[in-house]
Each structure stands twice: as C-alpha cells, then as structure tokens.
Amino acid sequence: MVDIVLHRLGIIMEPEPGNLMETEGVLNPAAIRGPDGALYLFPRLVSKGNYSRIGIARVCFNDTGDPVAVERLGIALEPETDYEKHPDGGGCEDPRITFVESLGLYFMTYVAFSAHGPRIALATSANLFKWERLGLATFTPYKGIEFNGVDNKDSCLFPQLIPCPSGHPELAIIHRPIFPGTSPEETIEKNNSTYMDEHKESIWISYCSLTPHGDEPPVIGRFTSHHHLAVPVNGWEELKIGCGTPPVLTPQGWLIIYHGVCGQEATTTTPRKLTYSAGLMILSKDEPSNVIYRSPKPILAPELTLERVGAIANVVFPTGIDQRSDLGTPNRFDVYFGMADNRIGVARLDLPDDLNNS
C-alpha cells in the first residue's frame, strides 16, 4: 500500500519587511489560473490589529516548472462594507477562487469578519483584477436550524453546475458552519451536544438555483438543500474538519484537500494544544454529495519549525490548488497552504491512478 503524501517544495511567500499591510502575516491564499494562463495567488494579508486584506500576486516558476516566488501586484479586496468591518480588526479573510465555466466568471468566496462574526461573502470578476461584491451568502433553514445567524467559514464553489438533491444542475458551495457548542474549544472536554446530531464542526454542501422562480430572477448567493457532507472520523481530525481547496475534477472524482484538527492532552502546566493537518477527499463525479474516498492519515502535518511556530502554532492550512496540466502532468497538483498563520508554503501532490491501493 502506497501512502499519499504532499511533498514540500518550499516557502512561496512570507511577510515583506517594512510592509505595514503584512506585519502580522501572509497566509491562506486562493490560487487560480488567469485568462493569460499565469497562476495568481490571492493571499490574506494581516496588518496590525488583525486587520485583513486580500492581496494579489503572480507566481514565478523555475526552469523545471516548480513555483519558487511571487510578484506582488496589489490589493484585490480592501474591507469596505459594514459586513467586512470590525472595531477590533476584521476584514476580508481566507479567499478561495473558482472559475465557473457555464457563467464565464471567476467567483471568490471569502470570510467577511464584522462585529457579527465571520460570515461567507462572494465576489465575481472577469479578469481577476477587478472584483464586484455580491454580498453575504444566505442560507435557508435546515430542519429547524437557522443558518443565517451562524458563523461560517471555509467555503468554495464547484467549477461546474452539479446535480442538487432533486437532480437539477445548480451552483454548489462547500462550507463549514460553526454551530453553538461545536468548536474545538467547546468539544475538547465533552462529547455530546443537544444542538446538533453531529456535534463537531463539519463540512456541508449547499446549492444555489440559477433558474428563475416565476418573475423573480435567480439570486446568486442564496443557498438551499443543505447536506452534511463529512464529519470527523479519524484521530488526526477528531475535533473538527473543514474544506481547504476548491474541488477539481479528476478521473477518480472531485478532489478536495481539507483540514482536520486534533488536540494534544493537557498537563498540569500546559493547556491542550490544537494541531491542524491536511487530508484528501474524493467526491463522486455524478453525485458530489457522496464521499467515495478519504485518506485515513494526514497527507501533510505540521513538522517544520515554521509550521509549528508562528501566529498560530502547529498549523498547515491548504486553501489553493493548481493542476499542472501545463507540464503535461494532470495527476500533479501544487497545493498552497498557510504555515502557522504567518507565511505560505507550497507542496506537490501526485495523485495515484488507483486510490484503493493507496
């Protein structure tokens, strides 16, 4: 049996000395190919007071095709709206970007952090350099549970319309609602919650219809038909899981890299510490609400000093992925990830043809 692992290629971006917009870190970038074929990163830039912007940078490659550096190009989103502003920090955080083929647009999902807490926001672009906000995503209730007033993070869209539970092709989003009582800090000491059947932070999938209802046009960003996609099952992800990279269609199905969180036991002198690692999940091509493969062990865990020491210790947090078809190797994927909430690393994934033997 062959273990699937991510092979580190190096650090791709870290705070620029003297750059006040990056004093508290550069992390958790979106990664997407532009209309010109170049690869662009959209890192979260954190300035003093935990104030976050979303930057834009072009990735530079060496002669063998490996990413080695970035060229900073400016700011993609600056906190401007009420839902992005917080008196003690806030801003625009942790973007993921998908090119939705049928709509001919790039869609950015990101965390808008205001006084009400983190919420999912959306923006669109035709060229990656000019973005139009669509506002906060909205969600219909689920079995009597209200989604709209709940904190929500780690969202990304599928690049194609996929079948919703009724069979109609719709725009689908993966996300991680944070219901009361489900955070790692709340579940470390207890195993039960009366609020949810599954009482840990998990990965959900929801759908947005693009079909007009009567005289009303479709609203991009209004999601319904919620489905609990995956819950923590392994020791390395015992406290919570959340989506990392946007889905990429492969011969095996929809590939996503996700994160899982576990905790080290507390001692009399030290509190329990959280560890963020990365795993791999494959969703059915025809029914993406079905998980058909899930890596039993982490494919990347915080091992390097720069992954274990930083703004948040013991964190590898994948958010960007680039399928390297440009090199003639469609089974190779470069995965971009945050390192201890301070800098950005990149690692190589070679996806086996047969996951059952992995």
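Separation of the range 198-261 and the range 19-73, taken as the distance between their Cα centroids, equals 25 angstrom.
For the range 216-256, the Cα gyration tensor yields ellipsoid semi-axes of 27, 17, 9 Å (square root of five times each eigenvalue, largest first, whole Å).
If Rh is defined by the Kirkwood formula over all Cα pairs and Rg also comes from Cα, what ratio Rg/Rh do you get for the range 84-143? Walk me through the numbers on the way to the answer.
Working: Rg = 13.0 Å, Rh = 12.5 Å.
That ratio equals 1.04.
Note on Val309/Ala69: beta-carbon distance plugged into 1/(1 + (r/R0)^6) with R0 of 25 Å gives a FRET efficiency of 0.65. Seen from every direction in turn and averaged, the convex hull around the alpha carbons of the chain projects onto 18.9 nm². Database remark: amide H of Phe99 closer than 5 angstrom to the amide H of Phe107 (H placed geometrically; neighbours at sequence offset of 5 or more, or on other chains; Pro and chain starts carry no H).
Mean separation of Cα pairs under 8 Å and 6 or more residues apart, divided by the residue count, gives the chain a relative contact order of 16 percent. Distant-in-sequence amide contacts of Gly244, defined by a placed amide H-H separation under 5 Å and a gap of 5 or more residues or a different chain, comprise Ile257, Tyr258, His259.
Expressed as cubic angstrom per residue, what is the convex hull volume of the alpha carbon set of the range 7-162? Let's see the in-between values first.
Details: hull volume 22.2 nm³, N = 156.
Dividing the Cα hull volume of the range 7-162 by its residues yields 143 Å³.
Simple point charges give the picture: +1 on the Cβ of Lys and Arg, -1 on the Cβ of Asp and Glu, and for the chain a dipole about the Cα centre of about 160 debye.
Computed from label points 7 Å out along Cα-Cβ, the spacing between Cys60 and His116 is 4.3 nm. In this structure the amide hydrogen of Ala69, modeled in the peptide plane, comes within under 5 Å of the amide hydrogens of Cys60, none closer than 5 places in sequence on its chain.
We did not get these values from a lab; they are worked out from the coordinates using the rules stated. Everything numeric here is computed off the predicted structure, so don't read it as measured data. Counting neighbours? That spans all protein chains shown, and the Cβs are built from the backbone with ideal geometry, glycine included.
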